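One structure is given below, encoded as structure tokens.
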Amino acid sequence: MQTQLIIDNRAQDATDGQTFERLHPLSGELVTRGASANVADAVAAVDSAAAAFTSWSQTGPTERRMILLKAADIMDRRTPELIGVMGQEVGAAPLWAGFNGFLTANLLREAASLATQIQGETIPTDKPGTLSLTVRVPAGVVFSMAPWNGAGVLAARAIAYPLVCGNTVVFRGSELSPRSHQLIAEVFHEAGLPAGVLNFITTAPEAADDVVTAIVAHPAVRRVTFTGSTRVGRIIAQKAAANLTPCLLELGGKAPFVVLDDADIDGAVNAAVFGSFLFQGQICMSTERFVVDESVADEFVRKFAEHAATLNTGDPVADPSCVVGPMISPASGPRINAMLDDALAKGAEIVVGGQADGAAMSATIVDRVTPTMVIYDEETFGPVTTVVRVSGVEEAVRVANDTEYGLAAAVFGRDTHRAFQVALRIEAGHCHVNGATVQNEAQAPYGGMKNSGYGRFDGRGVINEFTELKWITIEPADQPYPF
């Protein structure tokens with residue numbers, strides 16, 4: 001596959017002809033060759049978006065809504081194509097890639113519905129004959145960056161929400177999924193976006209820092225959105241802060257799943273398998289920490305391991321029935337193996353699965369994990385999860401919160417009032433009682449606490465992220481002044 005930059009709705013190579021390669025994580029074969037934008041290309045993309053902002057920001061809600069609704073229909077039609085591309089580029093099974101297509105279409109329709117929800121309010125005033133009110137206005141050019149793991153839905157939300165609010169977008173696709181991300185950009189363009197409203201670029205890893213720095217520093221860029229690791233998120237936030245540019249950051253996670261002493265164990269195990277091993281655990285919401293009451297821990301771990309052992313491992317492109325496909329990179333294996341070695345040396349037990357072989361790894365559960373182990377709080381981002389045994393509700397809440405992250409969480413218990421109280425106390429952007437940690441609905445706010453970032457995608461709250469709140473008064477011209 002070959003990808004290009006898209007600037008002013010025209011596909012083009014990088015001006016210096018530079019490219020980069022995406023290789024298959026198992027075979028090492030070339031999957032995609034992508035155009036690598038340089039700083040000049042990046043500036044051209046922002047300049048194009050800035051010019052388009054003048055007219056796009058003045059479009060009415062119906063025009064924006066109709067384009068997004070058309071994009072949703074196009075996404076439905078092109079979902080089989082997305083499934084194929086994500087399978088090749090990032091090892092996504094048809095279930096995960098198809099889910100991305102479904103979520104993307106739903107998100108586009110939900111974003112379209114927000115077109116008439118961008119509202120202000122009237123404000124009481126003591127000034128006679130004066131109308132005081134607020135309006136929400138588009139911010140300007142939005143620089144959006146999305147990761148490879150949710151190539152459909154994470155790209156779409158970084159584009160659709162700024163657009164419906166009247167902004168224009170420069171979208172930087174991941175070097176690990178350039179064709180998947182270009183496909184999403186093409187959906188918007190096919191739906192009828194005017195030239196310059198959405199510009200698409202990709203860069204080689206070695207060129208990324210210069211390109212990102214140039215875009216963030218451009219005076220037309222008034223919002224930055226990034227989904228990815230906490231380490232890179234801090235760098236992006238620092239670059240944006242130097243230019244007083246607000247950010248929306250959705251970063252790493254170490255989602256806790258609390259199993260209380262009265263939990264439905266079979267139900268918990270079903271949610272546990274789904275939340276831990278969907279897309280090889282390479283989802284920011286993946287369940288990486290099971291905080292299990294010791295009174296039910298043996299039964300939970302036994303049933304969890306039995307279920308996980310049935311998940312077949314391989315290449316989902318060659319075998320669509322494969323549940324656990326390859327990790328994103330062969331480098332993932334040694335990184336995770338080092339964490340496993342550390343945990344085993346300090347008393348943990350692997351109850352199913354085992355060491356990774358490069359990008360290949362079967363579903364793995366590590367029991368009896370303690371805070372002394374690296375894997376206790378470091379994000380694994382692979383098909384491996386951990387079990388921490390606790391005694392009672394108070395210790396469960398303490399351990400669930402004993403992490404730098406705060407993105408997703410879950411609580412299982414038959415006493416739903418007690419489970420709800422636990423959910424309220426867990427420091428996470430979203431928490432699900434008797435449900436998996438991996439959940440997303442476009443009408444519900446999505447984002448994290450602590451080192452999982454700040455700001456919210458989805459729901460009506462996303463309007464606040466991509467608009468400016470402006471106070472306006474209409475006053476009598478002949479009003480008196482004190483001097």
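The values are calculated or read from the model by the stated rules, or taken from the named source; none is laboratory data. Keep in mind that this is a model prediction, so the values were computed, not measured. Cβ sites come from the backbone with ideal geometry, for glycine too, and all protein chains shown count toward neighbours. Each accessible area value is taken on the protein alone, full model and side chains, heavy atoms only, with ligands, DNA and RNA left out. Shrake-Rupley method; radii C 1.70, N 1.55, O 1.52, S 1.80 Å.
Filter region 202-261 for residues that are among the charged types (D, E, K, R) and under 21 Å from the mean Cα position of the chain (by Cα); which is farthest from M145 (Cα to Cα)?
Step one: list which residues in region 202-261 are among the charged types (D, E, K, R), which gives 206, 209-210, 222-223, 231, 234, 239, 250, 254, 261.
With under 21 Å from the mean Cα position of the chain (by Cα) added as a condition, the list becomes 209, 222-223, 231, 234, 239, 250, 254.
Working: D209: 13, R222: 14, R223: 11, R231: 15, R234: 14, K239: 14, E250: 11, K254: 22 Å.
By that ranking, first place goes to K254.
Please verify whether region 42-49 includes one or more residues that are over 23 Å from the mean Cα position of the chain (by Cα), surrounded by fewer than 20 Cβ atoms within 10 Å (Cβ to Cβ) and more than 25 Å from M1 (Cβ to Cβ).
There is at least one residue in region 42-49 that is over 23 Å from the mean Cα position of the chain (by Cα), surrounded by fewer than 20 Cβ atoms within 10 Å (Cβ to Cβ) and more than 25 Å from M1 (Cβ to Cβ).
Mind listing whichever residues of region 321-331 are open to solvent by 10 Å² or more (accessible area, probe 1.4 Å) and within 16 Å of E89 (Cβ to Cβ)? It would help to see each step written out before you state the result.
As a first pass, look at region 321-331 and keep what is open to solvent by 10 Å² or more (accessible area, probe 1.4 Å): 321, 323, 328-331.
I328, S329, P330, listed by residue number.
Mind listing whichever residues of region 112-162 are closer than 18 Å to Q182 by Cβ, modelled with pLDDT of 95 or more and aliphatic (A, V, I, L, M)?
Passing the criteria: M145, A146, V153, L154, A155, A156, A158, I159, A160.
Return only the number of the condition from (1) on the phi > 0 side of the Ramachandran plot; (2) in contact (Cβ under 8 Å) with a residue 60 or more places away in the chain; (3) in contact with a strand residue (DSSP E or B) (Cβ under 9 Å, 6 or more places away or on another chain) that R389 does not satisfy.
Only one criterion in (1) on the phi > 0 side of the Ramachandran plot; (2) in contact (Cβ under 8 Å) with a residue 60 or more places away in the chain; (3) in contact with a strand residue (DSSP E or B) (Cβ under 9 Å, 6 or more places away or on another chain) is unmet by R389, namely (1).
On the given criteria, is R425 more than 15 Å from A263 (Cα to Cα), free of Cβ contacts under 8 Å to residues at least 40 places away in the same chain, charged (D, E, K, R) and touching a helix residue (DSSP H, G or I) at 6+ places or on another chain (Cβ under 9 Å)? Full working, then the answer.
Working: more than 15 Å from A263 (Cα to Cα): yes; free of Cβ contacts under 8 Å to residues at least 40 places away in the same chain: yes; charged (D, E, K, R): yes; touching a helix residue (DSSP H, G or I) at 6+ places or on another chain (Cβ under 9 Å): yes.
Judged against the criteria, R425 is a match.
Filter region 429-483 down to the residues that are out of contact with any Leu (no Cβ under 9 Å at 6 or more places or on another chain), aliphatic (A, V, I, L, M) and open to solvent by 80 Å² or more (accessible area, probe 1.4 Å) and list them by number.
L469, A477
How about region 167-284: which strands (runs of 3 or more DSSP E) wholly inside it have at least 3 residues that are modelled with pLDDT of 95 or more, open to solvent by 10 Å² or more (accessible area, probe 1.4 Å) and in contact with a strand residue (DSSP E or B) (Cβ under 9 Å, 6 or more places away or on another chain)?
221-227
Would you confirm whether any residue within region 118-127 is open to solvent by 10 Å² or more (accessible area, probe 1.4 Å) and within 27 Å of E21 (Cβ to Cβ)?
no
Quick check on region 78-117: of everything there that is surrounded by fewer than 23 Cβ atoms within 10 Å (Cβ to Cβ) and of a type in the set (S, T, Y), which residue is farthest from H24 (Cα to Cα)?
This residue is T116.
Please work out if M145 is under 23 Å from the mean Cα position of the chain (by Cα), farther than 28 Å from V216 by Cα and crowded, with 20+ Cβ neighbours inside 10 Å.
Working: under 23 Å from the mean Cα position of the chain (by Cα): yes; farther than 28 Å from V216 by Cα: no; crowded, with 20+ Cβ neighbours inside 10 Å: yes.
So M145 fails the test.
Checking V164 against (1) within 20 Å of V462 (Cβ to Cβ); (2) β-branched (V, I, T); (3) within 17 Å of the chain's Cα centre (by Cα), only one condition comes out false. Which one?
Of (1) within 20 Å of V462 (Cβ to Cβ); (2) β-branched (V, I, T); (3) within 17 Å of the chain's Cα centre (by Cα), only one is false for V164: (3).
Specify the residue that is surrounded by the most Cβ atoms within 10 Å (Cβ to Cβ); the eligible residues are those in region 332-350 that are of a type outside the set (V, I, T) and not in a helix (DSSP H, G or I).
First, pick out the residues of region 332-350 that are of a type outside the set (V, I, T): 332-335, 337-349.
Now narrow it down to the ones that are not in a helix (DSSP H, G or I): 346-349.
Working: K346: 15, G347: 11, A348: 22, E349: 13.
Among those that are of a type outside the set (V, I, T) and not in a helix (DSSP H, G or I), it is A348.
Is it true that V399 is aliphatic (A, V, I, L, M), farther than 29 Å from L154 by Cα and open to solvent by 10 Å² or more (accessible area, probe 1.4 Å)?
Numbers: aliphatic (A, V, I, L, M): yes; farther than 29 Å from L154 by Cα: yes; open to solvent by 10 Å² or more (accessible area, probe 1.4 Å): no.
So V399 fails the test.
Do you know which of the residues in region 320-330 that are under 13 Å from A360 (Cβ atoms) and not polar (S, T, N, Q) is modelled with the lowest pLDDT?
Let us first name the residues in region 320-330 that are under 13 Å from A360 (Cβ atoms), namely 322, 324-330.
Next, only the ones that are not polar (S, T, N, Q) stay: 322, 324-328, 330.
Details: C322: 90, V324: 95, G325: 94, P326: 95, M327: 95, I328: 94, P330: 95.
The extreme case among them is C322.
Output the qualifying pairs, or none if there are none: Cβ atoms under 7 angstrom, residues six or more apart or on different chains, first residue in region 153-178 and closer than 10 Å to P138 by Cβ, second residue hydrophobic (A, V, I, L, M, F, W, C) and in a loop (DSSP other than H, G, I, E, B).
Here the result reads P162/F466; L163/V197; C165/I118; C165/F466; N167/A139; N167/F466; T168/V197, each pair linking region 153-178 to a residue that is hydrophobic (A, V, I, L, M, F, W, C) and in a loop (DSSP other than H, G, I, E, B).
Can you tell me which residue within region 285-298, out of those that are over 31 Å from the mean Cα position of the chain (by Cα) and of a type outside the set (D, E), is most open to solvent (accessible area, probe 1.4 Å)? If you could, list the steps in order and put the result at the bottom.
In the first step, residues of region 285-298 are kept if they are over 31 Å from the mean Cα position of the chain (by Cα); the result is 294-298.
Right, trim to of a type outside the set (D, E) and you get 295-297.
Details: S295: 81, V296: 18, A297: 0 Å².
The residue in question is S295.
Residue pairs, Cβ under 8 Å, 6 or more apart or interchain, first in region 305-318 and outside any loop (DSSP other than H, G, I, E, B), second open to solvent by 30 Å² or more (accessible area, probe 1.4 Å). List them.
A305/V351; H307/N270; A308/G353; T313/V323; T313/A360; T313/S362
Does T403 satisfy being touching a Ser or Thr at 6+ places or on another chain (Cβ under 7 Å) and not hydrophobic (A, V, I, L, M, F, W, C)?
Details: touching a Ser or Thr at 6+ places or on another chain (Cβ under 7 Å): no; not hydrophobic (A, V, I, L, M, F, W, C): yes.
So T403 does not fit the description; no.
Out of curiosity, is R157 open to solvent by less than 10 Å² (accessible area, probe 1.4 Å), in contact with a helix residue (DSSP H, G or I) (Cβ under 9 Å, 6 or more places away or on another chain) and closer than 23 Å to P61 by Cβ? Talk me through it step by step, then tell me what you get.
On the way: open to solvent by less than 10 Å² (accessible area, probe 1.4 Å): yes; in contact with a helix residue (DSSP H, G or I) (Cβ under 9 Å, 6 or more places away or on another chain): yes; closer than 23 Å to P61 by Cβ: yes.
Considered against the rule, which asks whether it is open to solvent by less than 10 Å² (accessible area, probe 1.4 Å), in contact with a helix residue (DSSP H, G or I) (Cβ under 9 Å, 6 or more places away or on another chain) and closer than 23 Å to P61 by Cβ, R157 comes out as yes.
Hey, can you tell me all the residues within region 110-149 that are among the hydroxyl-bearing types (S, T, Y) and either in contact (Cβ under 8 Å) with a residue 40 or more places away in the chain or touching a helix residue (DSSP H, G or I) at 6+ places or on another chain (Cβ under 6 Å) (or both)? It would help to see each step written out before you state the result.
Of all residues in region 110-149, those among the hydroxyl-bearing types (S, T, Y) come to 113, 116, 122, 125, 130, 132, 134, 144.
Those that are among the hydroxyl-bearing types (S, T, Y) and either in contact (Cβ under 8 Å) with a residue 40 or more places away in the chain or touching a helix residue (DSSP H, G or I) at 6+ places or on another chain (Cβ under 6 Å) (or both): S113, T116, T125, T130, S132, T134, S144.
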